[in-house]
Amino acid sequence: MQLNSYATLSAFRQRLALATADIGDDDRLLAKLRSATAQIERYTARSFTPTVATRRFNWVNARTLLLRGYDLLELTSVTNGDGTAIDPSAILTLGGVNGPIIGIELDLTKGLFVYLTTRTRALSVAGVWGWHDDYANAWKPSTDSIPGGGITSSATSFSVSSVGGADGWGLTPRFTPGQLLKVDSEYMYVVGANSGTNTLTVVRGANGSTAASHAAAAPISSYVPPTDITEITLRWAGWLYKTEDAGDYAGPSGASLNATMTAPANVPAAIPGDLVAALANLRHIKVGAQ
């Protein structure tokens, strides 16, 4: 099931100018947000939300590994084809100043990239993958935390001090469906936020992370996607919401724009050209990794 959403239910409701009491269509609104997110990911061939994973790459030489179209936000470890781990002190990451890491270079006095029997998919890179233009500021403090007594790894709901209060940036509501939260190293998707009881309902272990127990007072952060991606998602989802069954996949928007693209580039026919052009600048072709 597609749970990623580059915009929240609260932001979408505000965009559509829905009254506070008008919640009868919230499930449909969330479905359109997730659909727009999935279409954006297919169109750009990349993800704008963090995902924990290990990816394998071909050995090219002993010193340098380019990630070949995969966006790395946080590096956890690199393992050679013979099963040995690269010494972290030997690693110099390439790129990653504001955007993602694009490659790894080694200090040859401390480590080498090696393969055992084949160069193909010999090197394993573990970390947090995704694209963001300012990942250092992508996690927003909620100013809330895990309740007293903590939570177990299987709990799917827990209380917070305030669902509707201001977060660390002074924005309200603090929690809303469609958010990706982080507690310690675990990600959770918010699927329900009850402001009356101040209770969150979440999907645990989201985006490849591992569900774990969390102690009382562990801080809760929420993910903020790239601003332009959120804006595109809101407009795209709004179009899907207002034009139900009106040919969502009628074909490319702007034949001349997509004529030189070899990857599938179908978008809803009436999506504004400026959105298509913005996404075209973010398209990525993945090669050399599995």
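The values are calculated or read from the model by the stated rules, or taken from the named source; none is laboratory data. Keep in mind it's a predicted model, so treat the numbers as computed, not measured. Cβ sites come from the backbone with ideal geometry, for glycine too, and all protein chains shown count toward neighbours. All accessible areas refer to the heavy atoms of the entire protein, side chains included, with ligands and DNA or RNA removed. Shrake-Rupley method; radii C 1.70, N 1.55, O 1.52, S 1.80 Å.
Would segment 9-31 turn up any residue that is under 12 Å from the mean Cα position of the chain (by Cα), under 17 Å from A206 (Cβ atoms) and open to solvent by less than 50 Å² (accessible area, probe 1.4 Å)? No, segment 9-31 contains no residue that is under 12 Å from the mean Cα position of the chain (by Cα), under 17 Å from A206 (Cβ atoms) and open to solvent by less than 50 Å² (accessible area, probe 1.4 Å). Tell me whether segment 139-157 contains one or more residues that are over 14 Å from P219 (Cα atoms), without any contact (Cβ under 8 Å) to a residue 40 or more places away in the chain and surrounded by fewer than 15 Cβ atoms within 10 Å (Cβ to Cβ). No, there is no match, as no residue in segment 139-157 is over 14 Å from P219 (Cα atoms), without any contact (Cβ under 8 Å) to a residue 40 or more places away in the chain and surrounded by fewer than 15 Cβ atoms within 10 Å (Cβ to Cβ). In segment 54-72, the residue that is nearest to the chain's Cα centre (by Cα) out of those that are aliphatic (A, V, I, L, M) and open to solvent by 30 Å² or more (accessible area, probe 1.4 Å) is L66. Would you mind stating whether V97 is among the hydrophobic types (A, V, I, L, M, F, W, C) and either under 16 Å from H214 (Cα atoms) or in contact (Cβ under 8 Å) with a residue 12 or more places away in the chain (or both)? No: the conditions fail for V97. Inspection of segment 38-48 identifies at least one residue that is in contact with a helix residue (DSSP H, G or I) (Cβ under 9 Å, 6 or more places away or on another chain), assigned to a loop (DSSP other than H, G, I, E, B) and surrounded by 15 or more Cβ atoms within 10 Å (Cβ to Cβ). Taking the conditions (1) outside any strand (DSSP E or B); (2) surrounded by fewer than 17 Cβ atoms within 10 Å (Cβ to Cβ) in turn, H132 satisfies each one other than (2).
Take the conditions (1) surrounded by 15 or more Cβ atoms within 10 Å (Cβ to Cβ); (2) closer than 26 Å to S209 by Cβ; (3) not polar (S, T, N, Q); Y115 misses just one of them, which is (2). Within segment 99-118, being in a loop (DSSP other than H, G, I, E, B) and touching a Gly at 6+ places or on another chain (Cβ under 8 Å) holds for P100, V114, Y115, L116, T117, T118. Within segment 58-75, the residues that satisfy the criterion of being more than 16 Å from G96 (Cα to Cα) and either free of Cβ contacts under 8 Å to residues at least 12 places away in the same chain or aliphatic (A, V, I, L, M) (or both) are V60, A62.
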